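What follows is calculated from the coordinates using simple rules that are stated; it is not laboratory data. In this text the structure is predicted, and so the values were computed from the model without any measurement. With ideal geometry, Cβ positions are generated from the backbone for all residues, glycine too; neighbour counts draw on all protein chains shown.
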Amino acid sequence: MQRWLCLLVMNGLLAFSVQALDFARPFGGCMVLPRATPIPVWGRGMPGGEVKVTFAGQTKSTRCDHDGCWRVVLDAEPASAQGRDLSLTAADGHLVLNDVLVGDVWLCSGQSNMDFPLAKAVGGPAECAAAAAFPHIRVLDLSGAPTTARAYDTATLARLTPQDHFTGTWAVASPAATAGLSAIAWWTAKTLHLQQAIPIGVVENAVGGSGTEAWLPREVLAADPKYKELLDDDWLDCPRLSPWARSRARLNLGTHLHAMHPFRPGFLFESGLRPWAGFPFAGVLWYQGETNAELAADSWNEGLLENLVRGWRAALNRPHLAFFMVQLPRIGGNDPLRAHWPEYRAVQARVAKRLSDVHLIVTQDLGWDSPDVHPPDKLPVARRLAAAVLQAAPPAR
């Protein structure tokens with residue numbers, strides 16, 4: 001049942017331990033480090049070897065453990081738009097990440113409405129063209145295997161591992177860097193940047209069609225008996241999962257039905273969130289639920305959503321991580337797959353009311369009359385997200 005979970009762990013550890021001196025995946029040139037909180041920095045190097053990390057006039061030293069893992073914690077820094085070097089030094093090398101700012105970093109996650117690219121949104125092309133005017137907004141657009149209607153080729157199947165699935169690098173805002181970025185992520189970041197006058201970093205890892213269960217940490221799935229069937233190798237036959245999602249996964253995998261897939265329960269957390277454990281995000285912008293709302297299973301969906309919030313907070317070691325959760329919009333048509341959206345909106349509202357630091361962003365009135373599940377006017381949603389962030393109490397660090 002949990003064979004694939006063991007493989008996830010072992011593959012990740014092996015990949016981590018054999019690498020040369022390096023920073024871990026969250027860190028890169030042009031990034032934004034979190035402000036006003038101790039800054040953990042970690043990576044890999046020679047087992048037993050000493051490493052030194054230097055930033056903004058401070059240096060912290062430590063030794064790699066027997067697996068080659070190292071971690072230091074830099075002292076808190078105020079927000080700064082001055083690009084500085086984050087350097088790593090060891091006996092076997094020296095690495096420098098240039099143009100690193102300090103500000104707030106937001107995780108933007110969910111499924112296709114979060115992933116909807118700026119270049120395709122209403123007003124998006126003009127916004128992309130002007131993006132370079134905001135060099136203190138930095139973006140990390142993480143892309144995974146496509147979940148569109150196609151069969152995976154050999155190369156795509158090979159990248160379906162925790163360490164290889166998501167790819168992307170930090171970039172300064174520019175037309176090229178923002179065109180494929182989440183429209184909601186960009187406009188929220190821009191609004192916060194203009195209002196707060198600090199650098200803003202956004203990390204987007206949304207995956208179209210993904211269910212909540214794909215974003216649950218493996219320990220959450222393994223600890224609850226009701227999730228047992230989600231962990232089986234026959235997960236594609238599990239009636240608890242969206243029939244549409246299971247059908248799409250079968251199409252993608254073809255004859256490789258036991259391979260990993262973005263929709264497989266637990267996989268997106270392990271590949272897209274686990275590497276960020278301990279990183280002090282300012283909060284999460286979460287826009288997801290279309291897939292789970294396909295099923296009339298309110299209690300089940302409510303449990304999934306609550307376990308996601310609690311599970312992320314525990315696994316990322318951020319017990320008070322703020323969530324700003326976007327309500328499913330109104331759309332037109334009579335597609336039976338959308339029949340349970342009102343009930344799912346009620347699920348979202350109950351979870352937001354019950355859990356601390358979970359904020360519901362009401363958007364039902366911002367929908368449209370088309371049956372297309374993707375309303376293209378994302379700016380009003382982003383404005384409401386930014387307003388909620390600015391109105392909320394500062395998240396605990």
Subject >> Proximal lysines to Lys190, defined as alpha-carbon separation beneath 18 angstrom and excluding residues fewer than eight positions away on the same chain >> reply: Lys120, Lys378
**OP:** Calculate one ³J(HN,Hα) per residue across region 93-109 by plugging θ = phi - 60° into the Karplus curve 6.51 cos²θ - 1.76 cosθ + 1.60, and present them in order as whole Hz with x for glycine and proline.
**Re:** x, 8, 10, 10, 9, 8, 6, 8, 9, 10, x, 10, 10, 10, 9, 10, 9
Original post:
Volume per residue, Å³, of the convex hull around the alpha-carbon atoms of region 312-366?
Top reply: 87 Å³
Subject >> Net dipole in debye of region 79-198 [+1 Lys, Arg Cβ; -1 Asp, Glu Cβ; about Cα centre; nearest 20] >> reply: 260 debye
**OP:** Kindly provide the Kirkwood hydrodynamic radius of region 244-290 in Å, to one decimal, from all pairs of distinct alpha carbon atoms.
**Re:** 12.8 Å
Subject >> Estimated translational D of region 287-379 in µm²/s (Stokes, Kirkwood radius over Cα pairs; 25 °C; 0.890 mPa s) >> reply: 176 µm²/s
Subject >> Dipole-positive endmost among Pro162, Phe134, Pro265 within the chain (Cβ charges, Cα centre) >> reply: Phe134
Subject >> lysines with Cα under 25 Å of Lys60, excluding same-chain neighbours fewer than 8 positions away >> reply: Lys52
Subject >> Neighbourhood net charge (10 Å Cβ-Cβ; Lys/Arg +1, Asp/Glu -1) for Trp276 >> reply: +3
Subject >> Fewest-first sequence of Ser174, Ser109 by Cβ atoms within 10 Å of each Cβ >> reply: Ser174, Ser109
**OP:** Provide Arg338, Arg383 in ascending order of the number of other Cβ atoms located within 10 Å of each residue's Cβ, fewest first.
**Re:** Arg383, Arg338
Original post:
Once the Cα gyration tensor of region 218-360 is found, what semi-axes does its equivalent ellipsoid get, as square roots of 5 times the eigenvalues, in whole Å, sorted largest first?
Top reply: 24, 22, 13
**OP:** Using θ = phi - 60° and the Karplus relation 6.51 cos²θ - 1.76 cosθ + 1.60, list the HN-Hα couplings for region 35-46 in order, rounded to whole Hz, with x at every Gly or Pro.
**Re:** 8, 6, 7, x, 10, x, 10, 8, x, 9, x, 6
**OP:** Report, in debye and to the nearest 20, how large the dipole of region 270-329 comes out about its Cα centre when Lys and Arg carry +1 and Asp and Glu carry -1 on their Cβ.
**Re:** 400 debye
**OP:** Give the long-range amide H neighbours of Asp377: residues separated by 5 or more places, or on another chain, with amide H under 5 Å away, using H modelled in the peptide plane at 1.01 Å from N.
**Re:** Val122
Original post:
With a sphere of radius 13 Å drawn around the Cβ of Ile198, what net charge do the other residues whose Cβ falls strictly inside it have (Lys, Arg +1; Asp, Glu -1)?
Top reply: +1
**OP:** Quick one: order Glu127, Glu213, Glu204, Glu343 by neighbouring beta-carbon count within 10 Å, fewest to most.
**Re:** Glu343, Glu127, Glu204, Glu213
Subject >> Three principal axis lengths of the chain [C-alpha, angstrom, descending] >> reply: 62, 47, 40
Original post:
If you add up the charges near Thr167, with Lys and Arg at +1 and Asp and Glu at -1, over every other residue whose beta carbon is less than 13 angstrom from its beta carbon, what do you get?
Top reply: -1
Subject >> Residue (of Pro380, Gly123, Pro329) at the positive-pole extreme of the chain, dipole from beta-carbon charges >> reply: Pro380
Original post:
What percent do you get for the relative contact order of the chain when only Cα pairs under 8 Å and 6+ apart count?
Top reply: 17 percent
**OP:** Project the alpha carbons of region 107-154 onto their principal axes and report the range along each, largest first, in whole Å.
**Re:** 40, 22, 21
**OP:** Work out the charge dipole of the chain with +1 on the Cβ of Lys and Arg and -1 on the Cβ of Asp and Glu about the Cα centre, then indicate which of Ser299, Thr255, Ala214 is farthest towards its positive end.
**Re:** Ser299
**OP:** Give the dimensionless ratio obtained when the Cα radius of gyration of region 198-292 is divided by 2.2 N^0.38 Å.
**Re:** 1.17
Original post:
What shape does region 133-178 have by the C-alpha gyration tensor, where a ≥ b ≥ c are the square roots of the eigenvalues, rounded means a/c under 1.5, and otherwise prolate means a/b greater than b/c and oblate the rest?
Top reply: prolate
Subject >> Rounded to the nearest 20 debye, dipole of the chain from Cβ charges on Lys, Arg, Asp, Glu >> reply: 500 debye
**OP:** Could you pull the Cα extents of region 87-213 along its three principal axes, largest to smallest, in whole Å?
**Re:** 52, 44, 27
